[in-house]
2 protein chains.
Amino acid sequence: MPRRPAYDRDVLIDRARDIFWQQGWAGTSLKDLEAVLNMKPGSFYAAFGSKDALFELALEKYAADGANRLLQLAEEQGAFETLKQYPRLVIENGAAAAKACMLAKTVLELRAREHALAERANALLLEAEARFADLFRAAQASGDIQAGHDPKALARRYQSDLIGLRISAERDGVDAPAIAGEIAQSLDRL
Amino acid sequence: MPRRPAYDRDVLIDRARDIFWQQGWAGTSLKDLEAVLNMKPGSFYAAFGSKDALFELALEKYAADGANRLLQLAEEQGAFETLKQYPRLVIENGAAAAKACMLAKTVLELRAREHALAERANALLLEAEARFADLFRAAQASGDIQAGHDPKALARRYQSDLIGLRISAERDGVDAPAIAGEIAQSLDRL
């Protein structure tokens with residue numbers, strides 16, 4: 001049988017990402033993966049090696065897609081507007097399999113097991129924090145945020161609040177868009 | 001065999017809470033529970049009925065203990081000081097099995113499955129939000145927070161930020177006490 005083309009592989013990784021994102025690592029069985037990918041065990045192992053290897057590919061795709069969306073928005077809207085709009089955009093993304101951050105969910109689920117995927121997810125979160133710090137720096141350079149603030153501290157708090165917001169957005173009875181609006185407003189006071 | 005005394009049962013529920021809190025619902029097997037409770041399958045079923053029934057008891061114990069700590073602090077320190085100190089206390093609680101909120105973890109893990117425990121955890125979070133709103137109302141009554149703010153909106157944002165903080169506290173490379181300090185500072189500006 002010929003190898004599947006790369007395009008196909010990306011589609012499969014997206015599908016795996018969505019089920020891992022929704023159901024977590026322990027909550028996604030090999031049978032679930034074989035069903036959602038429409039693959040037999042032999043083809044699955046030939047294509048991806050293991051559930052953990054596929055989970056890591058899914059995490060990396062998730063993080064890269066998020067980074068691309070953020071940087072594209074920054075190019076179109078500028079750093080300050082991006083930081084203000086991003087909380088709302090991230091909980092209103094209709095294409096997302098879940099509201100909560102997949103990287104945060106993975107750290108939460110797997111850190112107690114000292115699983116390597118928790119470390120990988122945390123490293124990707126640190127990269128995201130560094131991108132937020134770059135945007136805060138750019139917003140200071142453009143005069144939208146006062147120069148006295150430490151951009152790393154702003155990014156740390158912003159990412160923590162975003163993680164909370166995205167979990168709030170998965171909850172029934174919580175007005176998450178209002179929280180997103182308050183996060184945006186708090187940037188106006190910086 | 002005589003029934004175990006109630007004290008013993010509370011200790012068992014605490015042990016189950018800790019392993020569920022750390023490893024989650026799917027990540028905790030019946031074998032794990034039997035090992036940590038030192039019970040055989042027959043005794044386990046006689047005492048608790050099922051893994052789900054024990055998980056619900058553990059959630060309720062977790063929520064009741066948290067509520068008691070908060071209300072005791074409020075009695076000692078007053079509402080405003082409690083709201084300012086609580087973020088730091090909650091991530092520095094040495095007796096806690098994990099830093100992240102067990103209720104938030106449960107919603108995250110089980111909502112996609114439409115599992116009844118996710119609904120139960122969300123209801124307990126809504127009760128916690130109402131307690132925070134009461135404290136914000138009391139802090140307004142004592143003049144520590146301006147009367148113009150909606151205490152429900154303040155509580156909603158506060159709880160969301162706390163959920164983010166507590167996940168940040170489980171991450172390597174993140175200065176969570178600094179985030180807790182910034183949450184407390186932001187209350188001074190209200």
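Only one of B:ALA67, B:ALA74, B:ALA63, B:ALA58 is surrounded by fewer than 18 Cβ atoms within 10 Å (Cβ to Cβ) and part of a helix (DSSP H, G or I); which?
Unique residue meeting the criteria: B:ALA67.
The residues listed here are A:ILE183, A:ILE163; of these, the one that is touching a residue at least 40 places away in the same chain (Cβ under 8 Å) and more than 30 Å from B:HIS115 (Cα to Cα) is A:ILE183. The residue list A:ASN93, A:ASN68 contains one member that is over 24 Å from B:ILE163 (Cβ atoms), more than 13 Å from chain B (Cβ to nearest Cβ) and out of contact with any strand residue (DSSP E or B) (no Cβ under 6 Å at 6 or more places or on another chain), which is A:ASN68.
Which residues, counting only those in the range A:16-55, are part of a loop (DSSP other than H, G, I, E, B) and within 14 Å of another protein chain (Cβ to nearest Cβ)? Those that are part of a loop (DSSP other than H, G, I, E, B) and within 14 Å of another protein chain (Cβ to nearest Cβ): A:GLY24, A:TRP25, A:ALA26, A:GLY27, A:THR28, A:SER29. How about the range A:77-95: which of its residues are small (Gly, Ala, Ser) and touching a residue at least 40 places away in the same chain (Cβ under 8 Å)? Correct list: A:GLY78, A:ALA79.
Comparison of A:VAL90, A:VAL11 shows that the only residue that is crowded, with 19+ Cβ neighbours inside 10 Å, in a helix (DSSP H, G or I) and among the hydrophobic types (A, V, I, L, M, F, W, C) is A:VAL90. State whether one or more residues within the range A:85-94 are small (Gly, Ala, Ser) and at pLDDT below 95. The answer is yes; a qualifying residue exists.
Go over the candidates A:GLN159, A:GLN185 one by one and state the one that is within 11 Å of chain B (Cβ to nearest Cβ) and over 19 Å from the mean Cα position of the chain (by Cα). Exactly one residue qualifies, and that residue is A:GLN185. Does B:LEU110 meet the test of being surrounded by 15 or more Cβ atoms within 10 Å (Cβ to Cβ) and more than 14 Å from every other protein chain (Cβ to nearest Cβ)? No; evaluated as a whole, the condition is false for this residue. Residues in the range A:163-174 that are closer than 18 Å to A:THR82 by Cβ and more than 7 Å from chain B (Cβ to nearest Cβ): A:ARG166 alone. Scanning the range A:96-125 for residues that are assigned to a helix (DSSP H, G or I), under 18 Å from A:GLN22 (Cα atoms) and touching a residue at least 60 places away in the same chain (Cβ under 8 Å) yields A:MET102, A:ALA104, A:LYS105, A:THR106, A:GLU109, A:LEU110, A:LEU117, A:ALA121.
Kindly provide the set of residues from the range A:113-128 that are touching a Lys or Arg at 6+ places or on another chain (Cβ under 9 Å) and facing chain B (nearest Cβ under 8 Å), ordered by number. Working first, answer last.
Of the range A:113-128, the ones touching a Lys or Arg at 6+ places or on another chain (Cβ under 9 Å) are A:118-119, A:121-122, A:125-126.
Residues satisfying the conditions are A:GLU119, A:ASN122, A:LEU125, A:LEU126.
The number of residues in the range B:77-86 that are surrounded by fewer than 20 Cβ atoms within 10 Å (Cβ to Cβ) and either outside any helix (DSSP H, G or I) or of a type in the set (Ser, Thr, Tyr) (or both) comes to 1.
For the range A:133-156, the set of residues classified as closer than 13 Å to A:LEU190 by Cβ, touching a residue at least 24 places away in the same chain (Cβ under 8 Å) and facing chain B (nearest Cβ under 10 Å) consists of A:LEU154 only.
The values are calculated or read from the model by the stated rules, or taken from the named source; none is laboratory data. Just so it is clear, the model here is predicted, and its values are computed rather than measured. Heads up, the Cβs are rebuilt from the backbone with ideal geometry, glycines too, and the neighbour counts pull from every protein chain shown.
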